[in-house]
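Below is one structure; the comments refer to it alone.
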Amino acid sequence: MVSNRGSRLKNSVPMPKQQIENRVQNFSEVAKGYSIEQAITEAERCLQCPKPLCVKGCPVEVDIPAFIKCIVEGEFKTAIKIVKDKNSLPAICGRVCPQEQQCQKFCVLGKKFEPIAIGRLERFVADFEPETGSKINEKPPSTGKKVAIIGSGPAGLTAAADLAKRGHEVVLFEALHKPGGVLMYGIPEFRMPKNVVRAEIDYIKKLGVTIEMDVVIGSMYTIDELFKQGFDAVFIGTGAGLPRFLGIPGENLCGIYSANEFLIRVNLMRAYEFPKYDTPVKVGKKVAVIGGGNVAMDAARSALRLGADEVYIVYRRSRNEAPARQEELENTEEEGIIFKFLTNPVRFIGNDAGWVKEMECLKMNLGKPDESGRRRPVPIKNSEFIMKVSTVIVAIGQSPNPLIPQTTKALKITKYGTIEVNEETGETSIKGVYAGGDIVSGAATVISAMGAGKKAARAIHKYLMNKERNKKLENAYARS
């Protein structure tokens, strides 16, 4: 009996996926999600620890053992209710959250066997919900306070949802024509279906959040002007959407994209459905993607689906240092993307028409760790070589857009252009103004941005309620 249980506990239930030969030909979601039977089988592996460490690893504080227990019992509606009590974007988190570095990292079962597939189970209950119909709990009484949220990415959406649940009037401002931020324009359809993002946003609207599109804060309105319009607090969640480049010769040649430009065209403008959507993106037969993160993997896999014959990931460190999730590295390799590790571009070479045709690279060795904790890449002398390329996509990270700091003089920023905040509350140098997500941390994960949004929402609520109490006390003293 013990032996059988040990065998059952050992391995998690694999995630069903599209066959490789099929999925490289389409933009449909690769991971298919658990069936009811698979979800219950996986949930039964949970040890239901009296002091669950997995919750410690969840930035949005989901009661993980409780919702997993509901899955075992077939109480899927209760399971999603428990999840949504803390997490307003569970279908998104279940797909792109790096659970292996968060909740699953602390799973006790993982000390001996594979940890519980918490993310897959979260996705299961989130995907099951539309089939049964989602219900919004009775809205709390209005506080009479009004909060502006700038940016509709994961930080902004989370802050908006949590503040609406506390009874505040929330208006969310988005610069683009569709809400969702990086969830919409940065992550490909095969990893994050847009209908999933839209469903999560619809839920947040049902909470009472108003979303205003095509509004660029810092240009149409400044933060000072938002306060003059009657907002009592402001949350800045504008992310890190300014692309970084290599700064090497030839980078201005045609055929060289930033990952931001490439993925926005493919995702938000649906270039993958050309000519139905008349926004084509040119992809040559030999594509090189520079970088080793999730964005690089997304760009490489998109290029393959758009018709490239060969796609390379060119990364200056080794596989062990690559910041991409293990799952994304495996999917990318399975699809035939060629990895060139310990390789760094130093020059792009163009043809007579000004299009990139070659890329000169250096081989690298790994030296001592740098400030990131990863071993620093060191060039190998006389190791230059030429790669034939027809398209290059630069995916080496993003920086914050400077528009809001430039138009908000009292807002303190770091030397990296990120906003300085109190780490515990998200409060900035301006009273009543809070910030969170990539605009504070630099480019990071969806779940870390959500955690920052949740933390800031809690602090904003406390600030507004204290402000209201003080106002009432002042009025009482004035009448006495």
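Given only helices, namely DSSP H runs of n ≥ 4 each adding -39500 (n - 2.57), what is the per-residue ellipticity at 222 nm of the chain, to the nearest 500 deg cm²/dmol? Can you show the working numbers first?
On the way: 17 runs with 169 residues, N = 480.
Per the formula, -10500 deg cm²/dmol.
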Whole-Å distance, taken between Cα centres, linking segment 301-357 and segment 61-119: 33
Along Cα→Cβ, 7 Å out, is where each label goes; now give me the distance between the ones at residue 10 and residue 48 in nm to one decimal. 2.5
How much of the DSSP bridge set in segment 288-378 is antiparallel, in percent, rounded to the nearest 5? 60
Can you check what the Kirkwood hydrodynamic radius comes to for the chain, Cα pairs only, in Å to one decimal? 24.0
1/(1 + (r/R0)^6) with r = Cβ-Cβ of residue 75 and residue 415, R0 = 51 Å, i.e. FRET efficiency to nearest 0.05, evaluates to 0.50
Taking the Cα atoms of segment 387-435 alone, what are Rg (to one decimal) and Dmax (as a whole number) in Å? 16.4, 54
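Give me the dipole magnitude in Debye, nearest 20, for the chain about the Cα centre, with unit charges on the beta carbon: positive for Lys and Arg, negative for Asp and Glu. Spell out each step's value before the answer.
Numbers: 69 positive and 55 negative charges, 219 e Å.
So the magnitude is around 1060 debye.
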Given the C-alpha atoms of segment 176-225, compute the convex hull and give its volume per residue in Å³. 83
Quote the charge dipole size of segment 379-466 about the Cα centre in Debye, to the nearest 20; the model charges only the Cβ of Lys and Arg (+1) and of Asp and Glu (-1). 100
Looking at the chain, send over the antiparallel percent of its DSSP beta bridges, to the nearest 5. 40
Remind me, relative contact order of the chain in percent, using alpha carbon pairs under 8 angstrom and six or more residues apart? 15
Along segment 356-363, Karplus-curve 3J(HN,Hα) (6.51, -1.76, 1.60; θ = phi - 60°) to the nearest Hz, with x for Gly and Pro, reads 4, 10, 8, 9, 8, 10, 10, 7
q = 0.19, 0.26 Å⁻¹, segment 303-384: log10 I(q)/I(0) [Debye, one scatterer per Cα]: -0.98, -1.22
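Could you tell me which GluC sites (Glu not before Pro) in segment 358-435 are loop residues by DSSP with no more than 16 other beta carbons within 10 angstrom of their beta carbon?
Listed in order of number, the matching sites are 371, 384, 420, 423, 424.
Filter the cross-link list 84/454; 32/178; 340/363; 146/194; 285/340; 165/228 down to pairs whose alpha-carbon distance in this structure exceeds 19 Å. Before the final figure, lay out each step's value.
Details: 84/454 13 Å; 32/178 26 Å; 340/363 10 Å; 146/194 29 Å; 285/340 17 Å; 165/228 25 Å.
As for pairs spanning more than 19 Å Cα to Cα, those are 32/178; 146/194; 165/228.
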log10 of Debye I(q)/I(0), alpha-carbon scatterers only, for segment 1-132 at 0.10, 0.11, 0.14, 0.17 Å⁻¹: -0.31, -0.38, -0.61, -0.88
Cβ-placed point charges (K, R +1; D, E -1), dipole of segment 219-320 about Cα centre in debye, nearest 20: 540
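Computed from the coordinates by the stated procedures, all read-outs in this text should not be read as laboratory data. Computed from a prediction, not measured in an experiment: that's the story for all the values here. Quick reminder, even Gly has a Cβ in these numbers, built from the backbone with ideal geometry, and neighbours come from all protein chains shown.
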